Amino acid sequence: MKTRRGVCYSVAPEELRRGKRRKVDQFEALPDDLVVSIFAKLSASADSPSDLISLLLVCKRFNGLVIDPSVLSVASEKCLIIRAKKWCEPAHRFLRRFVDAGNVEACYILGMIKFYALGNRPTGAALMARAAMRRHAAALYTLAVIQFNGSGGSRHDRDLRAGFALCCRAAACGGLDALRELAYCLQDGYGVKRSIVSGRRLLIVTASLELEYHLAPAAEEHVHVANQFLSEWFFTRRNTLEEKGLRLCSHEQCGRAETRLHEFRRCSVCGLVNYCSRSCQALHWRKVHKTECMPVEQYLDNAAFAGPD
Ligand SMILES: [Zn+2]
Ligand SMILES: [Zn+2]
């Protein structure tokens, strides 16, 4: 039986005889694997965690099918948004479910939370390594930053060559931050043999990719869920960090905090801002710091000044 719009109704024969028509939920007639594949598509394009959570509340059958690993493993980054002020054990279990299902974004987000926010360095690094093995650019880049800074260890634990190698992999996976970092590494000879020409060339490539990204229709600045979480987390704990003498990365959209004293690099001109990486320093310089670094008069007087190192 079809409606005017051509949608099929399942009508029970007895009810038909009696002239009664009952509209049956179309999902009830679908086999489980088909419903799971529909949920997987929804999960991959979800704009917020509530898209999945609302499905959990529909009925017992939906509740069982939404937590299928094939649905959780493809969940989008936005589906994993967790606010720092709402962090609690159930929120941890929520993320853990996605991690156990093999969701790469969840591995990276939980890895960042454990490593930087909760101070559980081995588990955090292991989770990020899991994402990195699946070619997750942001995870590879964060592992590079950890190697460059010797995060979680002492100054002697810094491994510049390993950091550079991870950065190369991250850039090959499409990481723009990693590509920018790579260019500055080549220009400064940091973790690799110095090549000013190659560094400059790579900076031009990075600039053109950034321009392309910003000119894309409906382009808006993308801050990863993990960085957003860390920014919120440390914003409410600034006093505790200051008491320990630890500093935050001055690039607001980064969110990383020092894991030991004097871990981050400082602006060599004013010494008032700190950065976890050269990439953060370059971005912050361009957006904010070039107008704040020193008085304009001093800036104009200093003809040799060409930006922070
Ligand atoms: Zn940073
Ligand atoms: Zn400065």
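Residue check: is G119 in contact with a helix residue (DSSP H, G or I) (Cβ under 7 Å, 6 or more places away or on another chain), open to solvent by 10 Å² or more (accessible area, probe 1.4 Å), on the phi > 0 side of the Ramachandran plot and not β-branched (V, I, T)? So G119 fails the test.
Every residue, every condition in (1) in a helix (DSSP H, G or I); (2) at pLDDT 90 or above, yes or no:
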{"position": "L241", "(1), (2)": "yes, yes"}
{"position": "G255", "(1), (2)": "no, yes"}
{"position": "T259", "(1), (2)": "no, yes"}
{"position": "C280", "(1), (2)": "yes, yes"}
{"position": "H284", "(1), (2)": "yes, yes"}
{"position": "M294", "(1), (2)": "no, no"}
{"position": "A304", "(1), (2)": "no, no"}
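Can you name every residue in region 80-110 that is β-branched (V, I, T) and at pLDDT below 95? The answer is I81, I82. Among what's in region 141-153 and is buried (at least 17 other Cβ atoms within 10 Å of the Cβ) and out of contact with any Phe, Trp or Tyr (no Cβ under 9 Å at 6 or more places or on another chain), pick the residue that is farthest from L211 (Cα to Cα). Out of the qualifying residues, it is G150. Could we say that G191 is in a loop (DSSP other than H, G, I, E, B), surrounded by fewer than 17 Cβ atoms within 10 Å (Cβ to Cβ) and in contact (Cβ under 8 Å) with a residue 24 or more places away in the chain here? It is false that G191 is in a loop (DSSP other than H, G, I, E, B), surrounded by fewer than 17 Cβ atoms within 10 Å (Cβ to Cβ) and in contact (Cβ under 8 Å) with a residue 24 or more places away in the chain. If you go through region 256-276 one residue at a time, do you hit one that is in contact with a Gly (Cβ under 8 Å, 6 or more places away or on another chain) and within 12 Å of ligand 1 (Cβ to nearest atom)? Yes, the conditions are met somewhere in region 256-276. Do you know which residues across region 194-209 are open to solvent by 50 Å² or more (accessible area, probe 1.4 Å) and of a type in the set (V, I, T)? Matches in region 194-209: I196, V197, I204, V205. Quick check: anything in region 154-173 buried (at least 19 other Cβ atoms within 10 Å of the Cβ) and outside any helix (DSSP H, G or I)? Within region 154-173, not a single residue is buried (at least 19 other Cβ atoms within 10 Å of the Cβ) and outside any helix (DSSP H, G or I).
Residues of region 37-54 that are modelled with pLDDT of 90 or more, open to solvent by less than 60 Å² (accessible area, probe 1.4 Å) and in a helix (DSSP H, G or I): S37, F39, A40, S43, A44. May I ask you to verify whether R266 is at pLDDT below 95, among the charged types (D, E, K, R), on the phi < 0 side of the Ramachandran plot and within 13 Å of ligand 2 (Cβ to nearest atom)? Taking the combined requirement at face value, the residue satisfies it.
The values are calculated or read from the model by the stated rules, or taken from the named source; none is laboratory data. As the structure is a prediction and not an experimental result, all values here were calculated from the model. Counting neighbours? That spans all protein chains shown, and the Cβs are built from the backbone with ideal geometry, glycine included. Accessible surface is based on the protein model in full, side chains and every heavy atom, while ligands, DNA and RNA are left aside. Shrake-Rupley method; radii C 1.70, N 1.55, O 1.52, S 1.80 Å.
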